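Note sheet for the following structure.
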Amino acid sequence: MKGLFAGRAMGQMTIKTSAVTGLIHFADFLMICASGLPTPNDFKLSSVAEIKQYPNCIVAKESELEELYQFLNGFIK
């Protein structure tokens, strides 16, 4: 189950940096894994379009996401 907010348009969402458990950066999306947020059970069985609908998935140009990935990666211990 994706979770309550999957597929719904959202304006803003705040994630505590201490809750971030992982990051998945692939091409034009960045998935932020954190306690209490939905993630696909199996990325092999999920379509990219489906993954991009998660509220904790950021869709942008790969170069923009790389910079964000490096910044957020500093919070993961």
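Any read-out appearing in this document is the output of simple, stated calculations on the displayed coordinates, not a laboratory observation. Note that the coordinates shown come from a computational prediction; the quantities given were computed from them, not determined experimentally. Don't worry about glycine lacking a Cβ; one is built from the backbone with ideal geometry, like all the others, and counts go over all protein chains shown.
Here the mean projected area of the convex hull built on the C-alpha positions of the chain is 5.2 nm².
Think of the chain as a dipole: +1 on every Lys or Arg Cβ, -1 on every Asp or Glu Cβ, centred on the Cα centre; then among Y54, A19, G74, A19 lies furthest on the positive end. About its Cα centre, the chain has a charge dipole of approximately 320 debye under the convention of +1 per Lys or Arg Cβ and -1 per Asp or Glu Cβ, with nothing else charged.
Distance between Cα centroids, the stretch 60-77 to the stretch 14-28: provide it in whole Å. That distance is 9 Å.
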